[in-house]
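A short worksheet on the structure shown next.
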Amino acid sequence: MSQYDTVIKSGTIIDGTGLPRILGDVAIRNGRVAKIGRIEASEANEVIDAEGLIVAPGFVDLHTHYDAQIHWDPYCTISGWHGVTSVAIGNCGFGFAPARPDIRERLLKMMTRTEQIPYETMVAGMGLDWDWESMPQWMDHLDRQPKGVNLLSYVPLNPLLVHVMGLEGAKEGRRATASELIEMTRLIHEAMDAGMMGWSCQRFGKNSMQADFDGTPMPTDVMPDETLLAFADVLGERGEGFIEILNSTIGTPGSTNQGKDTAFVEELARRAGRPVLFNAIIASDVPGLERMHQKSLRWLDRCFDQGLQIYGQAVTVRAPYQFTLEHWNMYDSSPAWNFATQGSIEERIVKLSDPEIRKQMIDEEDTLVTMGVGGPIEGLTVQETPGHPELEKYVGRTLGEIATAEDKHPIDVMLDIGVAGGLKVLYRTSELSSTDPKKVGELARNQHVIPGVSDGGAHTKFFTGGSFTTDLITWLARDNKELTLEQAHYRLSYLPAQAAGFHDRGFLRVGAPADIIVYDLAKLRRVPEIDYEVARDFPANEWRRIQRAEGYRWIMVNGVVTFKDGVCTNATPGQLLRLNQWKSDAESRLASAG
């Protein structure tokens, strides 16, 4: 009888910890790494020939929105195609628990504008006859779902606030009563007892750049500071878990009160005594902002000097937005843009054609948070004008160039072309982050930065940030040598796993779960590399933009192959990762060792 289930032979092993690569074999038994070294092929039931290939831990993505998609896509693609073996859901305060039956549809609608997940898709993929109401029941529900990746879940604060304070009370941002605050903290304790990892929220104020389906801010956008600090105290009391917060990007034009915002995040970290993942850190190519990322890095370094564990989650992926005015919502920080882009196509066309509304949109241009949304409007490129040959003269030109030629404001140009094209004209932004590998490399190398605000599962009509893992390995490590492969894998696997409190994952060591990728470094790439493919593979016949991957020979989750040469095996070995479960397992191992 063979000693091991699988042996990966003759690979270049990068263990994820930052230690130098070695040549050797990896043996797997019962879903875990059983041995690393020299192992005979005859000792295994199955042998994977990794000669000339990289063997490394699967990637850990702590910023995704696959809460709905996991119900119809066990592999959480596109992330699952790009070597990600563990994902965190419930980010930015968005999620589906706690959820009384009468609020279910409203929670789905919360995801439609802010994260651009189609309502009909969620209803078709999840249904409305849910088998959970509480957060522990949600965790048990996730446990029962077939999974091709491992799942971690935050306590999403938006549904929590609505559950306890009511929709109106949560949305108006009023102070919680003493009894409401006691109940919410009790529910966070209950959720973390069930294994949830901490809590998440976004904080953009009343003019949120990620608004609710009706254009109003999300509950966490306007919740009082003292409520959030009370939630931080829960983590401090427990001594476990962590916080994910989406806030103003440091140095971003249009952001306000940044000194106050960063001071508040520092106070959250101080009160919690736990890691805080601050979103988002960006390197910019916009004139005047070329050193913006250095300001962010100096702040993070100062925080750690004070003993505050604040990690910056960084946008490192080369990925533009490709969007039409039929779906675009990322200028919601402007009340006029928010109003004009609400409603049906016909209603939008009427508003976007109105001279008075346009004047307000132009007047509020300075309020737009455009950094991290592809840069200033004049830099947008007209990419396609489907069904409108009279508009093809604009294809390939920026709105700024057209505005100069036609003596118009770039916003008027954008709206004139968009309205004439029935809101189906496709615009392309600049990359969300810098395309200078030296600047992005400086960002990614910082010891307090975790690459990857992937938003996997969200903004499905115009963004593919889930490819950030492949892009970082190929662009920054292989092609430009801004990181070594050892550094890249440390930041994509070990660092996020440790920050999340999962101390047995993110690396290849004996006893660790066998979340492993085996890839051909020379052939690794995103497909397509620059623009996106349109796939009509969502429930309710909905479409999304995707980028596939080539070069991953095998992707394994808990010792089972989920993808071989890009082809799905239909295996679903993923697990729900619960914080208390990890702690119990660790205590058992310590007791056995004693």
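The values are calculated or read from the model by the stated rules, or taken from the named source; none is laboratory data. Note that the coordinates shown come from a computational prediction; the quantities given were computed from them, not determined experimentally. Cβ coordinates were reconstructed from backbone atoms using ideal geometry, including for glycine residues, and neighbour counts include every protein chain displayed.
Overview of values
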| item | result |
| --- | --- |
| Test: residue in the stretch 567-576 that is free of Cβ contacts under 8 Å to residues at least 24 places away in the same chain and assigned to a loop (DSSP other than H, G, I, E, B) | yes |
| Those residues of the stretch 408-466 which are of a type in the set (Val, Ile, Thr), in a loop (DSSP other than H, G, I, E, B) and within 18 Å of LEU368 (Cβ to Cβ), in sequence order | none |
| Among (1) of a type outside the set (Ser, Thr, Tyr); (2) closer than 21 Å to VAL382 by Cβ; (3) part of a loop (DSSP other than H, G, I, E, B), the one test that GLY343 misses | (2) |
| Selected residue (criterion: modelled with the lowest pLDDT) from residues of the stretch 363-390 that are touching a Ser or Thr at 6+ places or on another chain (Cβ under 9 Å), in a loop (DSSP other than H, G, I, E, B) and among the small types (Gly, Ala, Ser) | GLY372 |
| Inter-residue pairs, beta-carbon under 7 Å, first basic (Lys, Arg) and in the stretch 310-330, second not in a loop (DSSP other than H, G, I, E, B), 6+ apart | ARG318/GLU431; ARG318/ASP471; ARG318/TRP475 |
| Of all residues in the stretch 467-503 being of a type in the set (D, E, K, R) and part of a loop (DSSP other than H, G, I, E, B), the one that is farthest from GLU240 (Cα to Cα) | LYS481 |
| Any chance GLU401 is surrounded by fewer than 19 Cβ atoms within 10 Å (Cβ to Cβ) and at negative phi | yes |
| Of all residues making up the stretch 357-372, the number that are closer than 20 Å to ILE417 by Cβ and either surrounded by fewer than 18 Cβ atoms within 10 Å (Cβ to Cβ) or of a type in the set (Phe, Trp, Tyr) (or both) | 4 |
| Of all residues making up the stretch 280-308, the number that are more than 21 Å from MET209 (Cβ to Cβ) and either of a type in the set (S, T, N, Q) or not in a helix (DSSP H, G or I) (or both) | 7 |
| Residue check for MET122: buried (at least 24 other Cβ atoms within 10 Å of the Cβ) and farther than 27 Å from GLY58 by Cα | yes |
| Residue in the stretch 159-174 that is buried (at least 21 other Cβ atoms within 10 Å of the Cβ) and assigned to a loop (DSSP other than H, G, I, E, B) present | no |
| Subset of the stretch 110-143 that is at pLDDT 95 or above and of a type in the set (Asp, Glu) - its residue that is nearest to MET330 (Cα to Cα) | GLU120 |
